[in-house]
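To keep things clear, I will list the structure first and then write my remarks on it.
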Amino acid sequence: MSGKQPKLVLREACIADVTRSWPVGRFFEAGAGTGHMSSLFLARGFTGVSHDLGESSRSLMRDRFQDSPSRMKVVDDIDQLADGTFDYLLAFEVLEHIENDVDMLSSWARKLRPNGRILVSVPAHQRKFGASDAMVGHVRRYERANLHQVLGAAGFTDIQMVNYGWPLTELTRRVSNRLIGVTQEGFDGLSAAERSIRSAQAKPAVINKVLKVASGNAFVPFTWIQRLFYRFDLGDGLVAWGTRA
């Protein structure tokens with residue numbers, strides 16, 4: 001777990017909590033980055049298909065999953081996928097990069113079978129928008145109410161969500177914003193789309209230096225603490241799920 005940012009450690013733990021009882025099935029992950037989250041579901045016995053906007057990201061995923069060709073596929077275009085064929089739609093830290101989030105989510109939702117489930121994560125609270133959001137190409141952060149509205153407009157029902165990250169991410173977000181306010185090395189001059197793609201593949205050098213000091217294992221106790229606050233609107237991120245109508 002060394003080298004992981006604390007919010008990723010906490011997000012992974014939250015997603016594991018939420019999906020612990022979900023039956024194994026076939027998933028489509030949109031905006032999959034380097035395939036890290038797909039690999040976690042693959043390890044649990046799921047099978048799937050992943051896509052990312054970045055050609056370099058898709059190449060990294062193909063390398064990552066080359067030993068599992070029968071269980072994991074990477075596609076260049078989601079139009080290659082038949083509608084109504086997946087049990088789960090996954091999108092982690094993706095919607096906040098997309099201007100027309102409802103339209104995009106609706107197009108992904110068509111890939112789900114009836115009663116298929118969606119699972120998404122997004123950054124929480126627009127008032128917390130800062131340098132780290134701008135650097136990676138975010139166009140917004142979400143409140144519970146508007147994420148619920150987006151999922152409903154895209155055709156999902158039985159929507160539930162939890163707020164994760166409290167209290168650790170209150171500190172780490174402020175530290176990250178301050179560090180990134182000093183330098184955006186590696187992200188300067190990139191478009192919003194390019195920033196989004198790069199953020200999945202590499203962290204700024206200044207962040208990497210900090211992570212060498214603080215191992216991901218040091219954050220594990222906070223994965224237990226955050227459970228006490230899932231129902232409150234305090235943490236830095238939202239994990240939401242629902243059923244396709």
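The count of lysine pairs in the chain that are at least 8 places apart or cross chains, and whose C-alpha atoms lie under 18 Å apart, stands at 9. Classification of the stretch 53-173 by its C-alpha gyration tensor yields an oblate form. The axis ratio a/c (a ≥ b ≥ c) is 1.5 or more, and b/c is at least a/b.
How big is the gap, in Å, between the Cα center of the stretch 49-86 and the Cα center of the stretch 112-156? First find each Cα centre; the distance between them is then 23 Å.
Counted over the chain, the DSSP beta bridges are approximately 45% antiparallel.
For a quick check, take a GNM of the chain with Cα springs below 10 Å and name the residue from Pro123, Pro69, Pro167 with the largest mean-square fluctuation. Maximum among the listed residues: Pro69. When peptides 171-179, 232-240 are ranked by their average number of other Cβ atoms within 10 Å per residue, the highest-first order is 232-240, 171-179.
Placing unit charges on the Cβ atoms of the charged side chains and taking the dipole of the stretch 6-244 about its Cα centre, the candidate lying farthest along the positive direction among Phe156, Leu81, Trp241 is Trp241. Modelled spin labels at Val102 and Ala218, positioned 7 Å past Cα toward Cβ, are 4.4 nm from each other. Treating the stretch 6-244 as a set of equal point scatterers at the Cα positions, no solvent, please give the Debye-formula log₁₀ I(q)/I(0) at q = 0.14, 0.16 Å⁻¹. Results for the stretch 6-244 at q = 0.14, 0.16 Å⁻¹ read -0.93, -1.26. Stretching Asp233 away from Gln80 to a fully extended chain increases their span by 51.2 nm, per 0.36 nm per residue minus the current alpha-carbon distance. Remark: the Cα gyration tensor places the stretch 1-101 in the rounded category, a/c being less than 1.5. Using 0.36 nm per residue and subtracting the Cα-Cα separation, the extra length available between Arg26 and Ala153 on full extension is 43.3 nm.
Among the trypsin sites (Lys or Arg not before Pro) in the stretch 1-40, those located in a DSSP loop and surrounded by at most 15 other Cβ atoms within 10 Å of their own Cβ are Arg20. Going from the residue with the fewest nearby Cβ atoms within 10 Å to the one with the most, Asp103, Asp87, Asp52 rank Asp103, Asp87, Asp52. Computed over all pairs of different Cα atoms, the Kirkwood value for the hydrodynamic radius of the stretch 1-58 is 12.4 Å.
Site-free segments of the chain were taken between GluC sites (Glu not before Pro) in DSSP loops having at most 12 other Cβ atoms within 10 Å, sites themselves excluded; the longest one is 1-98.
Couplings for the stretch 144-159, taken from phi via the Karplus curve 6.51 cos²θ - 1.76 cosθ + 1.60 with θ = phi - 60°, read 3, 5, 7, 5, 4, 5, 4, 5, x, 5, 8, x, 9, 10, 6, 6 Hz in order; Gly and Pro are left as x.
Computed from the coordinates by the stated procedures, all read-outs in this text should not be read as laboratory data. Bear in mind that the values here come from a model prediction, so they are computed numbers and not experimental data. In this analysis, Cβ positions are derived from the backbone assuming ideal geometry, glycine residues included, and neighbour counts consider all displayed protein chains.
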